Amino acid sequence: MTTAAKVALIDYGMGNIHSAGKALECAGARVVLAETPDQLKNCDRIFLPGVGGIRACIDPLCERGFDEALALSDKPLLAVCVGMQLLFEHSEENGGTQGLGMLPGRVSRFASAEDLCIPHIGWNRVRTDAHPLWDGLPQEPWFYFVHSYRVAASPSAQGRCDYGGEFVAAAGESRIFAVQFHPEKSQAVGLRLLRNFIRWG
């Protein structure tokens, strides 16, 4: 019998831990709540959640040493929502906030428009590129989004979405994959993506 992958779910006080953990378990993972960087070492994969403002996320993440641990890790990493935004170089949120710089690009607020509701909340179609985490999914699957900031463009884009113009819905390089949407709230397609992550690498 194949042993289920052990996924470190980073708990730094700013993630939707309960929903993310349940979804990962449903996808077949053994979930370990990681409150310290040392707990990442004995896991097969890493899941980085994030909700709220980017500075309120990056400060506790760095204070606990996860920034250095993530930069040095060779394990597959999936980052979600603000967790994705943390991986980029800079965000204009909170008057300007430096990111971890693990992916190229900058985070900016959606441009205001009379016909555009901000935050972007609800289901939207994602145009996907070729990547193992999209295996078994439609070419343009629907995922659930909740966000006011986005990456408009990045050379690391692996999926794109339209809302007031095109933005990056997914990005990745090497062992890293990051999504702006919430797979744990995206029903069957979200679970499929999580299963792909558990088997990836």
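Do you know which residues across the stretch 143-201 are among the charged types (D, E, K, R) and open to solvent by less than 50 Å² (accessible area, probe 1.4 Å)? Walk me through how you get there before you give the answer.
Pass one, the stretch 143-201, residues among the charged types (D, E, K, R): 150, 160, 162, 166, 173, 175, 184-185, 192, 195, 199.
Correct list: 150, 175, 184.
Output the residues belonging to the stretch 78-104 that are farther than 18 Å from residue 60 by Cβ and in a helix (DSSP H, G or I).
Passing the criteria: only 95.
Suppose the filter is of a type in the set (A, V, I, L, M, F, W, C), within 20 Å of residue 173 (Cβ to Cβ) and under 14 Å from the mean Cα position of the chain (by Cα); does residue 57 pass it? It would help to see each step written out before you state the result.
On the way: of a type in the set (A, V, I, L, M, F, W, C): yes; within 20 Å of residue 173 (Cβ to Cβ): no; under 14 Å from the mean Cα position of the chain (by Cα): yes.
Against the criterion (of a type in the set (A, V, I, L, M, F, W, C), within 20 Å of residue 173 (Cβ to Cβ) and under 14 Å from the mean Cα position of the chain (by Cα)), residue 57 does not qualify.
The values are calculated or read from the model by the stated rules, or taken from the named source; none is laboratory data. Source: prediction; values computed, not measured. We place every Cβ from the backbone using ideal geometry, glycine too, and count neighbours over all the protein chains shown. These area figures cover heavy atoms from the full protein model, side chains too; ligands, DNA and RNA do not enter into them. Shrake-Rupley method; radii C 1.70, N 1.55, O 1.52, S 1.80 Å.
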